[in-house]
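Read-outs: derived from the displayed coordinates by stated rules, not from any lab. Keep in mind that this is a model prediction, so the values were computed, not measured. Counting neighbours? That spans all protein chains shown, and the Cβs are built from the backbone with ideal geometry, glycine included.
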Amino acid sequence: MLDPNKIKSRFPIFSDSENTDLVFLDNASTTQKPDVVVEKLNDFYSRYNANVHRGIYRIGELATMEYESVRKKIAGFINAKSEKNIVFTKGTTESINLVAYSWARKNLSPGDEILVTEMEHHSNLVPWQLAAQQTGATLRYIPITEAGELDLSDLEKYLNSKTKLVAIVHQSNILGTINPVKKIIDLAHNVGAKVLIDGAQYITHASLNVDELDCDFYAFSGHKMMGPTGVGVLYAKQVLLEEMDPFLSGGDMILSVSMEKSTWNDIPYKFEAGTPNIAQVIGLGAAIQFIEDTGIDKIDEFITSLTKTAITKLQSVRGLRIYGHGPSSDSTSVISFNLADIHPHDVAQFLDMDNIAVRAGHHCTQPVMLKYNISSTVRASLYIYNTPQDIERLVGSLQKTINFMS
Amino acid sequence: MDELRELYQQLILDHNKSPRNFHVMDEPCESTEGYNPLCGDKLTLYVKIEDDVVADISFVGSGCAISKASASIMTEEIKGKPVDEAKVIFENFRDMITTGKVNKEELGKLEVLSGVYKFPSRVKCAILSWHTLKNILDNESGSVASTE
């Protein structure tokens with residue numbers, strides 16, 4: 001089992017004199033950065049800062065080599081067939097928008113259906129609402145159950161010959177539920193639909209094999225897995241990337257430009273217009289190395305065990321209700337709850353006084369809020385530097401809150 | 001804990017638990033909605049204006065203790081005030097909430113919310129009902145007031 005205290009010592013933020021007692025439980029929003037990521041960014045800017053794919057000089061070539069080596073590393077990390085399947089974006093949201101613009105608008109027609117779920121983050125919902133409006137396609141929703149899981153009992157009703165795209169979240173950012181995506185992908189392919197998976201939460205702690213999953217698109221962010229902000233990834237099957245039109249256009253994504261028209265660069269460069277987030281991509285490479293050195297299976301095992309501990313302890317707090325995480329559910333790392341009738345913002349304020357960072361709000365998942373007939377929740381989300389002491393502090397502070405407010 | 005006690009004073013906790021003027025108002029009156037898209041807090045404010053005086057005022061909705069208490073105390077303080085005076089109180093309240101500057105004569109009981117300015121993320125909670133009121137006073141009822 002991982003030693004979270006040992007891991008925590010690798011994260012400079014926790015040694016800052018104002019943060020020595022910081023309990024950071026907002027990891028579903030963004031994660032802290034280990035020393036190797038901070039050092040890698042510093043190293044790039046102090047030793048070989050240069051643009052990529054352009055300079056015929058030593059540091060330009062070094063920057064290009066480092067940047068492209070991360071593409072290869074990511075392909076290996078998610079078991080993609082080739083680094084050509086890896087497009088760098090600025091995050092999950094841009095990855096999904098890329099598909100919504102470059103694939104959906106070209107391939108959807110009136111009468112077609114896009115299937116999403118009630119569990120989606122707005123980033124995997126709003127792009128499809130817009131794509132549906134513009135193409136005349138219809139958006140349909142797989143409902144969720146009271147237990148916070150997808151209700152797949154009527155899946156055949158939702159998946160039919162009109163379904164052209166299924167866009168689902170791998171792990172919910174509010175309930176922590178992990179969805180049976182492999183089953184849905186196979187059923188979707190049976191009716192000829194393409195499948196996009198929003199992997200922003202899942203990939204941070206669990207091993208991913210896109211080749212085995214056979215998904216058509218997989219989107220994720222770097223900053224939720226200890227990388228810098230401003231970098232994300234779209235994985236897509238090669239044949240799809242080749243037939244898709246560019247998303248953003250400009251420099252570096254072209255082969256030739258005449259006064260009248262241009263021809264596109266090869267994939268994946270066709271989708272990376274302009275100067276990319278070079279330092280951030282290189283920093284993400286260091287984050288993935290840190291995950292690989294720690295061991296993704298060990299990370300998953302540790303977080304799952306800490307989540308169980310947290311749920312048991314939280315359940316002992318008077319008036320606390322946890323959403324999802326039923327006894328038979330496949331769920332981990334993210335715990336949403338409410339404390340009696342105290343508003344989540346008030347709870348978060350009390351926790352902040354004890355230097356405990358949680359998120360309060362609707363978490364960009366308003367359909368889930370509607371399902372439970374609530375306006376918001378408190379969300380504690382765990383990562384590898386959280387300790388059993390962090391959970392004790394959270395529970396203690398919640399108990400103090402309820403005593404103060406009642 | 002001291003800062004928290006300053007923020008969550010007894011009067012605020014009391015108004016949160018038992019908000020005053022917390023009901024739908026029968027017609028005829030002006031009503032408008034306030035919405036904080038960041039947290040999903042919503043309220044509907046009802047105002048009856050007679051002869052340029054706020055003759056009656058009430059609200060319904062959901063929100064945190066700060067937002068609910070602020071709306072509740074606002075209805076108490078504004079009820080019976082001429083519209084022009086209510087607008088001045090709005091300005092004074094906004095000053096207090098954003099800078100901590102208290103104009104005691106004008107603000108009365110509202111002073112209890114003066115600690116909010118130390119918590120920038122909560123200013124929007126305290127001011128939501130006031131923006132909603134301002135919309136009505138400026139004859140913009142029917143539109144949704146937003147903190148964004």
Quiz item: Across 5 Å bins from 0, what is the distribution of all Cα-Cα pair distances for region A:334-406, in whole percents?
Solution: 3, 16, 27, 25, 15, 11, 3
Quiz item: Can you work out the FRET efficiency for the pair residue A:243 and residue A:156, with r the C-beta to C-beta distance and R0 = 25 Å, to the nearest 0.05?
Solution: 0.30
Self-check item: Residue-span extension gain [residue A:254 to residue A:190] - 0.36 nm each, minus C-alpha spacing
Solution: 19.4 nm
Self-check item: For region A:236-252, 3J(HN,Hα) per residue [Karplus equation, 6.51 cos²θ - 1.76 cosθ + 1.60, θ = phi - 60°, Hz, x = Gly/Pro]
Solution: 8, 5, 4, 4, 6, 4, 5, 8, 6, 7, x, 9, 8, 10, x, x, 6
Self-check item: For region A:75-170: rounded, prolate or oblate by the Cα gyration tensor [a/c cutoff 1.5]
Solution: oblate
Quiz item: Given A:33/B:17; A:33/A:73; A:90/A:194, which pairs have Cα atoms separated by over 30 Å?
Solution: A:33/B:17
Practice problem: Once you have a ≥ b ≥ c as the square roots of the Cα gyration tensor eigenvalues for region A:162-283, tell me rounded if a/c is under 1.5, and otherwise prolate or oblate according to whether a/b is larger than b/c. | Solution: oblate
Quiz prompt | Base-10 log of normalised Debye intensity for region A:24-74 (one unit scatterer per alpha-carbon) at q = 0.15, 0.16, 0.23, 0.26 Å⁻¹ | solution = -0.53, -0.58, -0.89, -0.98
Quiz item: For the protein assembly as shown, what ratio Rg/Rh do Cα atoms give with a Kirkwood hydrodynamic radius?
Solution: 1.01
Quiz item: Which of A:201, A:241, A:15 sits farthest toward the positive end of the charge dipole of chain A, with +1 on the Cβ of Lys and Arg and -1 on the Cβ of Asp and Glu?
Solution: A:241
Exercise. On each of the three principal axes of the Cα atoms of chain B, give max minus min coordinate, whole Å, ordered largest first.
Key: 45, 33, 28
Quiz item: Can you give the three extents of the C-alpha atoms in region A:1-140 along their principal axes, from longest to shortest, in whole Å?
Solution: 57, 48, 29
Exercise. Would you mind checking which residues have amide H under 5 Å from residue A:144's amide H? H placed 1.01 Å from N; only 5 or more apart, or other chain.
Key: A:118, A:151
Practice problem: Please identify the helices of chain B, taking whole runs of DSSP H, that span at least 15 Å along their own axis as judged from the Cα atoms and have a mean Kyte-Doolittle score of 1.6 or higher. | Solution: none
Quiz item: How would you classify region A:38-292 from its alpha-carbon gyration tensor, with a ≥ b ≥ c the square roots of the eigenvalues: rounded for a/c under 1.5, else prolate if a/b is greater than b/c, otherwise oblate?
Solution: oblate
Practice problem: Would you mind computing, in nm to one decimal, how far apart the modelled labels at residue B:91 and residue B:27 are, each placed 7 Å from Cα along Cα→Cβ? | Solution: 3.5 nm
Quiz prompt | Built amide H within the under 5 Å cut-off of residue A:194, gap 5+ | solution = A:165, A:166
Quiz item: Straight-line reach from residue B:124: which aspartates and glutamates have Cα under 17 Å away, leaving out those fewer than 8 places along the same chain?
Solution: A:346, B:33, B:41, B:91, B:95, B:111, B:148
Practice problem: Within region A:290-312, which residues have the backbone N less than 18 Å from the label spot 7 Å out from residue A:79 along Cα→beta-carbon, could you tell me? | Solution: A:292-293, A:295-301
Quiz item: Could you give the dipole magnitude of region B:2-143 about its Cα centre, charging the beta-carbon of Lys and Arg +1 and that of Asp and Glu -1, in debye to the nearest 20?
Solution: 660 debye
